[in-house]
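A short worksheet on the structure shown next.
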Amino acid sequence: MKQYQHYIGGQWTDPASSRWFDTTNPYDGEVWAQIAEGNANDVAAAVAAAKAAFEGEWGALTATARGKLLVRLAELIERDAARLGEIEVRDNGKLIAEMGAQTKYMAEWYRYFGGLADKIEGAVIPSDKPGIFNFTRYEPLGVIGMIIPWNSPLLLLSWKLSAALAAGNTVVVKPSEFTSASALEFMSLIEEAGIPPGVVNVVTGFGKDTGAALVEHPDVAKIAFTGSDISGQKVYESAAKQIKHVSLELGGKSPNIVFEDADFEAAVMGAISGIFAATGQTCIAGSRLLVQRSIHDAFVERLVEVAKTATIGDPMSMDTHVGPVTTPPQYRKVLDYIDIAKSEGANCILGGGPYDGPGAKGSQFVSPTIFTGVNNRMRIAQEEVFGPVLGVIPFEDEAEALAIGNDINFGLAAGVWTRDIGRAIRMSERLRAGTVWVNTYRAVSFTSPFGGYKRSGLGRESGIEGIREYLQVKSVWIAQETSVANPFIMR
Ligand code: NAI
Ligand code: MG
């Protein structure tokens with residue numbers, strides 16, 4: 001069986017513990033590879049390699065040279081998109097139908113940030129102090145620790161990695177213990193692109209030891225984390241002890257709000273894509289569907305009709321729409337939430353349990369599930385399920401839609417479906433979320449900042465804002481004459 005070692009300082013390295021753990025294919029439950037179980041010693045070796053690269057070869061490169069390497073990497077990703085996509089399908093259960101395009105698109109992050117690398121400019125400050133020249137320069141932070149979840153392993157890594165490398169940092173990656181393979185396979189492209197050894201390192205293992213050791217390491221300047229709010233909070237608390245930089249992308253419970261004047265069919269498709277795409281395992285899932293009461297019954301009827309056409313089954317088949325849940329604990333969590341919703345009195349009108357119909361294999365399929373009669377105080381309306389489970393909440397008017405939409409601890413995204421331009425503007429201004437989509441859903445790009453309000457996190461990824469998260473600004477003062485008038489008072 002294939003064994004994946006750590007990747008440290010450009011070398012494939014056995015785990016210090018000599019321990020390995022299995023990674024499975026969620027579709028059939030089969031173990032297909034073994035992953036190195038990292039501990040604090042492996043993390044220390046990787047951080048040392050990253051620090052040496054930062055202080056050495058990588059740190060000496062011009063921003064233009066770094067940018068060229070990232071553009072080269074983008075080309076290699078495009079060349080190998082099919083191979084990389086297949087690894088995600090095998091390890092994660094993502095749909096092959098989605099992965100080909102997603103992996104190709106991922107290359108654009110490296111191209112965008114590669115191009116941006118030498119366009120980060122400081123300023124000459126019009127100083128109020130005669131005879132002193134003052135300017136700012138943007139500098140990398142140093143070694144960045146990246147902690148990645150299982151739902152879109154390579155894409156979410158790339159959002160971070162592209163910006164961090166363009167800014168001149170070096171990196172230690174800790175992938176999810178459920179989906180480590182793609183990050184490791186990706187290292188061959190990093191090498192081929194000509195990115196020097198030690199610039200990107202991967203240490204695999206579990207969150208509570210490998211992940212925690214990375215957060216605690218004193219030479220790690222920043223942690224970039226995507227995952228659950230619970231783990232994100234632990235990371236934040238731990239990083240606070242050393243006043244580390246932190247960015248957190250912590251998921252959500254996003255309202256997808258349909259008004260009676262919306263394009264009915266487009267809104268139905270938007271609601272479906274918001275919750276059943278990627279088997280509902282996306283941080284931006286539109287898992288709270290708010291529907292104006294006047295169209296509620298007709299909308300729900302059509303929603304069920306379309307949801308029933310979803311082909312469930314082998315993620316490796318181009319015809320599949322909904323695949324398995326990625327991890328066994330996640331499978332149990334989704335089923336638990338279905339039970340919770342039922343016990344709270346929500347009305348299950350589709351699915352409502354495990355799926356064992358045509359196409360099912362293994363034991364991680366959940367039926368696409370829709371609950372009506374949900375009120376916003378129920379746990380199914382307030383907590384992130386991260387699965388194909390939708391709660392429908394009726395509302396009377398715009399004011400009530402806004403009140404319900406914002407009555408949540410999270411704030412990652414929101415959707416609005418309306419033909420009224422004034423309402424579109426009002427809603428987009430008043431919804432407390434880092435992304436608002438009007439008459440579309442699930443659009444993201446390397447060009448546009450992405451991140452959370454409230455408990456959905458801190459910081460932004462992608463767009464010009466994305467690179468700022470990996471830089472710090474320095475103010476430099478240079479006196480034209482060296483005399484110091486009075487050394488005892490501030491200049
Ligand atoms: P998690 O948040 O526990 O794991 C994410 C990453 O953090 C993994 O690499 C994990 O090893 C690491 N990690 C966990 N605890 C850590 C710690 N104390 N210190 C350092 N690193 C740590 O997410 P998990 O267990 O994979 O899924 C649990 C729930 O998280 C899901 O049910 C879902 O609700 C949510 N989730 C949200 C995602 C998002 O994109 N916002 C992505 C994946 C999961
Ligand atoms: Mg796996």
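The values are calculated or read from the model by the stated rules, or taken from the named source; none is laboratory data. Given the structure is predicted, the values throughout are model-derived calculations rather than measurements. Quick reminder, even Gly has a Cβ in these numbers, built from the backbone with ideal geometry, and neighbours come from all protein chains shown. We work out accessible area using only protein heavy atoms, side chains counted, and drop any ligands, DNA or RNA first. Shrake-Rupley method; radii C 1.70, N 1.55, O 1.52, S 1.80 Å.
At-a-glance table
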| item | result |
| --- | --- |
| Sparse-neighbour loop sites [trypsin sites (Lys or Arg not before Pro); the range 260-344; at most 14 other C-beta within 10 Å; DSSP] | Lys308 |
| Dipole-positive endmost among Thr13, Pro218, Pro153 within the chain (Cβ charges, Cα centre) | Pro218 |
| Gln242 paired with Asp128, simple spin-label distance in nm, labels 7 Å along Cα-to-beta-carbon | 3.8 nm |
| Reach of Lys129 by Cα under 15 Å, taken over aspartates and glutamates that are not fewer than 8 positions away in the same chain | Glu481 |
| Accessible area in square angstrom per residue, the range 255-438, 1.4 angstrom probe | 38 Å² |
| Separation of the Asn41 and Glu396 label points, Cα + 7 Å toward Cβ, nm | 6.7 nm |
| For the range 19-169, the fraction of alpha-carbon pairs in successive 10 Å shells from zero, as % | 10, 28, 31, 20, 7, 3, 1, 0 |
| Rounded to whole Hz, the Karplus (6.51, -1.76, 1.60) HN-Hα couplings of the range 187-195, x for glycine and proline | 4, 5, 6, 4, 4, 5, 5, x, 6 |
| With 10 Å bins from 0: P(r) over the range 255-438, alpha-carbon pairs, percent | 10, 40, 35, 13, 2 |
| Under 19 Å from the Ser483 label point (7 Å along Cα→beta-carbon), backbone N, the range 113-130 | 129-130 |
| Selection from Ala424, Gly452, Tyr470 lying farthest towards where the dipole of the range 407-479 points positive, charges on Cβ | Ala424 |
| Lys/Arg +1, Asp/Glu -1 at C-beta; the range 255-438 dipole; positive extreme among Pro394, Ala277, Trp437 | Ala277 |
| Formal net charge of residues neighbouring Ile125 (Cβ-Cβ distance under 15 Å; K, R +1; D, E -1) | +2 |
| Rh by Kirkwood over Cα pairs, then Stokes-Einstein D for the chain at 0.890 mPa s and 25 °C, µm²/s | 103 µm²/s |
| Exposed chymotrypsin sites (Phe, Trp or Tyr not before Pro) absent: longest stretch of the chain, with sites in DSSP loops and at most 16 other Cβ within 10 Å deemed exposed | 207-487 |
| Charge dipole (debye, nearest 20) of the range 255-438; +1 at Cβ of Lys and Arg, -1 at Cβ of Asp and Glu | 440 debye |
| Reachable aspartates and glutamates, given that their alpha-carbon falls under 13 Å from the alpha-carbon of Lys208 and they are not under 8 places away in the same chain | Glu37, Glu177, Glu216 |
| Directionally averaged projected area (convex hull, Cα atoms, the range 192-322), nm² | 12.6 nm² |
| For the range 238-304, diffusion coefficient by Stokes-Einstein and Kirkwood Rh (Cα), 10 °C, 1.306 mPa s, µm²/s | 115 µm²/s |
| Whether the range 354-491 is rounded, prolate or oblate, judged on the alpha carbon gyration tensor where a/c under 1.5 counts as rounded | prolate |
| Spatial separation of Cα centroids for the range 71-93 and the range 113-181, in angstrom | 23 Å |
| Modelled FRET efficiency - R0 56 Å, Gln11 with Glu265, Cβ distances, 0.05 increments | 0.55 |
| Under 5 Å, built H, 5+ apart or other chain: amide partners of Ile257 | Leu290, Gly415, Val416, Trp417 |
| Calculated over the range 83-145: convex hull of Cα atoms, volume per residue (Å³) | 141 Å³ |
| GluC sites (Glu not before Pro) within the range 339-448: DSSP coil, no more than 11 neighbouring Cβ in 10 Å | Glu396 |
| Sites Asp319 and Arg419, calculated FRET efficiency, Cβ-Cβ separation with R0 35 Å, nearest 0.05 | 0.55 |
| Euclidean distance between Cα centres, the range 467-485 to the range 1-26, Å | 45 Å |
| Cross-link pairs Lys174/Lys333; Lys51/Lys253; Lys2/Lys68; Lys174/Lys241 - those with Cα-Cα distance over 26 Å | Lys51/Lys253; Lys2/Lys68 |
| Test item: Cα-centred dipole of the chain, Lys/Arg +1 and Asp/Glu -1 on Cβ, debye | 1020 debye |
